[in-house]
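K.L.:
This structure is in structure tokens; I'll ask about it shortly.
The values are calculated or read from the model by the stated rules, or taken from the named source; none is laboratory data. In this text, all values refer to a predicted model and were calculated from it rather than measured experimentally. Methodologically, a virtual Cβ is constructed for each residue, glycine included, from the backbone with ideal geometry; neighbour enumeration extends over all protein chains shown.
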Amino acid sequence: MHGEPTIDQIREWLRLTDDFDDVALQEGLDAALAHQQSVLRFPVYSAANCNSPELFDQPYYSDDLRLAAMLRTARYLARRNSPEGLVGFGEFGVAQVALSDRDVAQLESPYVRVVAV
């Protein structure tokens with residue numbers, strides 16, 4: 001099954017301890033999933049990828065979409081510590097956090113919904 005990633009799965013993937021802030025983790029995951037749902041076309045269950053007829057034509061998270069959601073969640077969590085979009089590098093000064101993540105863009109690119117203007 002390829003359901004939405006859960007905070008437990010993301011906690012494990014990020015190697016977070018059980019005492020990590022679940023509220024922040026859930027907020028980051030919710031934002032990542034909402035973003036994906038607003039701009040992507042999701043693959044659907046079919047006879048080729050599922051043997052459960054009640055799921056046919058229902059959207060599912062493929063491995064690349066799951067990873068993109070987890071990466072985006074991690075990015076949102078990291079931004080908690082840099083609300084201005086800047087990160088410090090000690091004696092080297094500061095750097096701006098990139099506006100987009102190339103890995104996430106690449107993982108999601110086959111599913112981007114094209115909007116005609």
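K.L.:
Can you tell me how many residues in the stretch 34-77 are surrounded by fewer than 16 Cβ atoms within 10 Å (Cβ to Cβ) and basic (Lys, Arg)?
P.N.:
1
K.L.:
Of the residues in the stretch 1-36, how many are within 16 Å of ARG66 (Cα to Cα) and either of a type in the set (Ser, Thr, Tyr) or in contact with a Pro (Cβ under 9 Å, 6 or more places away or on another chain) (or both)?
P.N.:
Residues in the stretch 1-36 being within 16 Å of ARG66 (Cα to Cα) and either of a type in the set (Ser, Thr, Tyr) or in contact with a Pro (Cβ under 9 Å, 6 or more places away or on another chain) (or both): 6 in total.
K.L.:
Continuing with this model, one more query. Would you check which residues across the stretch 97-117 are at pLDDT 70 or above and touching a strand residue (DSSP E or B) at 6+ places or on another chain (Cβ under 8 Å) and list them?
P.N.:
Within the stretch 97-117, GLU108, TYR111, VAL112, ARG113 meet the criteria.
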